[in-house]
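Read-outs: derived from the displayed coordinates by stated rules, not from any lab. Everything numeric here is computed off the predicted structure, so don't read it as measured data. Ideal geometry is used to build each Cβ from the backbone, glycine not excepted, and the neighbour counts take in all protein chains shown.
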Amino acid sequence: MTDPSTSAAAAVAGAAQQLRRATVSGTPGAPVRGLIGRDDLEAAYAVQRINIEARTAAGAVVVGRKIGLTSPAVQAQLGVDQPDFGVLLDDMAFEDDGVIAFTSVLQPRVEAEVAFVLKDDLAEGDLDDTQVRAAIDYAVAAIEICGSRVADWDICFSDTVADNASAGAYVLGTERKTLAEFSPAAVTMSMSINGEEVSTGNGAACLGDPVNAVVWLARQARALGDPLRAGQVILSGALGPMRAVRPGATVTVTISGLGSVSATFSG
């Protein structure tokens, strides 16, 4: 008889390998939920951890985290009641007004977000709103480029968690504001592709306040043994609907109080 723990470990390893294969080949594959189940949070984060460890062993550096599924509508769509998170690596970062190779992210879709940069670790204490706000150095407007290694974005909760929360790349704006200078919950957002507005939203769309998302993340990250650290970038979650992009697209995000940030996708 097969040991259940051995079988579970094999399923996690197989799911991680399947996602790596999609990355290397540039061809999205089947969902991994057939291996690890739809709702096994522990297994999904184990898959994510295996592939992040493989990336860092090859030289990539962890520079932050991204929070996903902050919208109640998206949570309802996937049948979950909580956000998820992924890991940001140094090779995912692009400069404002930079060019991103379209093929560098599988099935790319863009979101507008408030990004925070930490000045203190979030490893001890209550990790409440007051502590998290004090640990934030500044905020900037950001574009997150989500990608899926699962064909046709046919994902459930475990698929996206295992797939590093569908992280692909990100772009940070250059206008920095402290929390004393603006209110993340009160911002409004407009995102355009090639000059046409395709998404609007506001800070309240992100768990009521983007800082609430960071509080959730700080607690989850510590609970999983890898707390947030000073200097890390935190993508706090979408302020409005995600949109697909094509080669040649120029994406511009404008967030009140934080200015604009842009990126162009090469053919």
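Things worth noting here:
- Overall form of segment 90-131 per C-alpha gyration tensor (a/c, 1.5; a/b vs b/c): prolate
- Theoretical gain in end-to-end length, A204 to A60 [0.36 nm per residue, Cα-Cα removed]: 48.5 nm
- Residue-count net charge about T178 - beta-carbon cut-off 11 Å; Lys, Arg +1, Asp, Glu -1: +2
- For the pair segment 172-239 / segment 20-54, the C-alpha centres are spaced 25 Å from each other.
- With the highest mean first, a sort of the peptides 181-193, 218-230, 146-158 on other beta-carbon atoms found within 10 angstrom per residue produces 146-158, 181-193, 218-230.
- Charge context of R229, other residues only, Cβ under 13 angstrom, K/R +1, D/E -1: -2
- Pairs of Cα atoms farther than 22 Å apart, segment 61-266, %: 43 percent
- Computed from label points 7 Å out along Cα-Cβ, the spacing between R20 and D154 is 2.4 nm.
- Taken along its principal axes, the alpha carbon cloud of segment 27-89 reaches lengths of 37, 26, 25 Å, longest axis first.
- For the chain, with +1 on Lys and Arg beta carbons and -1 on Asp and Glu, the positive-most of I67, V251, Q220 along the dipole: V251
- Dimensions of segment 118-161 based on its C-alpha atoms, expressed as ranges along the principal axes with the largest first, amount to 41, 24, 14 Å.
- Length gained on full extension, E181 to T103: 24.3 nm, using 0.36 nm per residue less the C-alpha separation.
- In degrees, nearest ten, helix 210-223 long axis to first principal axis of the chain (Cα): 30 degrees
- Shape category assigned to segment 142-238 from the gyration tensor of Cα positions, a/c cut at 1.5: oblate
- Seen against the Cα atoms of the chain and their longest principal axis, helix 4-25 is set at about 50 degrees.
- Using Cβ point charges alone (K and R +1, D and E -1), the dipole size of the chain about the Cα centre works out to roughly 500 debye.
- With helices as the sole contributors, the chain gives -8500 deg cm²/dmol at 222 nm; each DSSP H run of n ≥ 4 counts as -39500 (n - 2.57), and the sum is divided by every residue.
- Förster radius 25 Å - calculated FRET efficiency between R38 and Q131 (Cβ-Cβ, nearest 0.05): 0.15
- In nm, spacing of pseudo-spin labels at D81 and D226 (7 Å Cα→C-beta vector): 2.7 nm
- With a simple spin-label model that places each label point 7 Å from the Cα along the Cα-to-Cβ direction, the separation between A93 and V74 comes to 2.2 nm.
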